[in-house]
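The values are calculated or read from the model by the stated rules, or taken from the named source; none is laboratory data. Bear in mind that the values here come from a model prediction, so they are computed numbers and not experimental data. Because the Cβ atoms are built from the backbone with ideal geometry, glycine has one as well, and the counts that use them run over all protein chains shown.
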Amino acid sequence: MTEAKRYLSGEQMVFFKENGYLHIKGLFTPEEVANFREGCIRDALGDSVCRREFHKIMLQPKVVDIIRDLLGDPVVYPGLSLTRTNDFPRPRGKYGVRFFHNDTMGDDGDYTHEYPILNTGIYLQDHVSGSNCLKIIPRSHTRPCYTSKTLVEAIKNIIKALLAGDGKRVWGTLNLYRSINIPSLPGDLIVWYVRTHHTGYGMRPRIAPYWSLPPVIENILPLWFFLPSPPRREVMLSIYTKPSPYLEKYIELQINKERRREYYLHNACLENPEVLELARSQNVVIRNDGYHRAQDPTPMKSTKSDYA
């Protein structure tokens, strides 16, 4: 096993713990970014470690060192690295896809304890001068997330909270907390707790690009109000965690998703000697539960989609 390294500064680790996210600039080379784009365009099933264009980047030292700094040893890799390609928001209708949410599963809502499951995003577009970026509410990993997909739905939820005398839920439903549109560039890595409130497809206003609006407002404003979106959208999302009381429940609920069956069936490579040795050298524990569960003929459960 390689000797543990420290990639992040103490200041970066404190920022992450306090704000629930971290934006690391320029981690990947232009050559790596070009390969990632090819992998996203090919959009094959299965964990990204199994796809040649990604060169097992999710298990390489420069990524694992960051995760280790944030989580400690050992790092657990649950075989949940996937790509999203050109999944732009649907035409405006009753429900859009821009809304604050988190990605927890089986969360007990005890915010005195860390929920040590991290999402990472590699966004392969220019989100400094263009829209459709990742939007995050700093420090939101320390409180519940109340999701409203439309302004009408938000008003209904506020009325329900007022009738119940739940002032905190009113404020949470309004989502008036400060949010930020992450100004990422190809080659950057963004890491956030799955408890952190976020949304994909954040829009950057033309008149004030660093002004971040609630997504329920973005959904009703005309497109000319915002900076244009890049013509393509390619994203790689990967989950990392560590042993904790939350881990087994999270994996159990993930592997029961019916929509993931075909994905998991293509994860046999996570048990290849080469992959296992690379993981071992980084003190990463691979959990390939999904691959074995997907081969079980018992029907899996239907669940909602992810929106990062």
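Residue-wise test of (1) acidic (Asp, Glu); (2) out of contact with any helix residue (DSSP H, G or I) (no Cβ under 7 Å at 6 or more places or on another chain).
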| residue | (1), (2) |
| --- | --- |
| Gly200 | no, yes |
| Glu218 | yes, yes |
| Pro222 | no, yes |
| Ser238 | no, no |
| Leu265 | no, no |
| Asn288 | no, no |
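For Ile57, are the conditions met, namely being among the β-branched types (Val, Ile, Thr) and under 20 Å from Ile286 (Cα atoms)?
It is true that Ile57 is among the β-branched types (Val, Ile, Thr) and under 20 Å from Ile286 (Cα atoms).
Of these, Ile24, Ile41, which one is among the β-branched types (Val, Ile, Thr), modelled with pLDDT of 95 or more and on the phi < 0 side of the Ramachandran plot?
Answer to the check: Ile24.
Look through region 94-130, keep the residues that are of a type in the set (Ser, Thr, Tyr) and either touching a helix residue (DSSP H, G or I) at 6+ places or on another chain (Cβ under 9 Å) or without any contact (Cβ under 8 Å) to a residue 40 or more places away in the chain (or both), and return whichever of them is surrounded by the most Cβ atoms within 10 Å (Cβ to Cβ).
Per the stated criteria, the residue is Tyr115.
Yes or no: Pro215 crowded, with 19+ Cβ neighbours inside 10 Å and either under 26 Å from Arg84 (Cα atoms) or among the basic types (Lys, Arg) (or both)?
yes
Quick test for you: out of Thr120, Thr147, Thr112, pick the one residue that is closer than 22 Å to Phe16 by Cα, in contact with a strand residue (DSSP E or B) (Cβ under 7 Å, 6 or more places away or on another chain) and either not in a loop (DSSP other than H, G, I, E, B) or not aliphatic (A, V, I, L, M) (or both).
Criteria check complete, one pass: Thr120.
Out of (1) surrounded by fewer than 18 Cβ atoms within 10 Å (Cβ to Cβ); (2) in contact with an Asp or Glu (Cβ under 6 Å, 6 or more places away or on another chain), what's the single condition that is false for Glu277?
So Glu277 meets the others, but not (2).
Taking into account only those residues within region 131-163 that are of a type in the set (Gly, Ala, Ser) and at pLDDT 85 or above, which is surrounded by the most Cβ atoms within 10 Å (Cβ to Cβ)?
Checked region 131-163; the qualifying residue surrounded by the most Cβ atoms within 10 Å (Cβ to Cβ) is Ser140.
Restricting attention to region 16-30, which residues are surrounded by fewer than 15 Cβ atoms within 10 Å (Cβ to Cβ) and either in contact with a strand residue (DSSP E or B) (Cβ under 6 Å, 6 or more places away or on another chain) or of a type outside the set (Lys, Arg) (or both)?
Glu18, Gly26, Thr29, Pro30
Within region 37-61, restricting attention to residues that are part of a helix (DSSP H, G or I) and of a type in the set (Asp, Glu), which residue is farthest from Glu274 (Cα to Cα)?
Among those that are part of a helix (DSSP H, G or I) and of a type in the set (Asp, Glu), it is Glu38.
Take residues that are within 16 Å of the chain's Cα centre (by Cα) and among the hydrophobic types (A, V, I, L, M, F, W, C) and tell me which of the strands (runs of 3 or more DSSP E) falling wholly in region 175-285 contain 3 or more.
Correct list: 189-193, 234-241.
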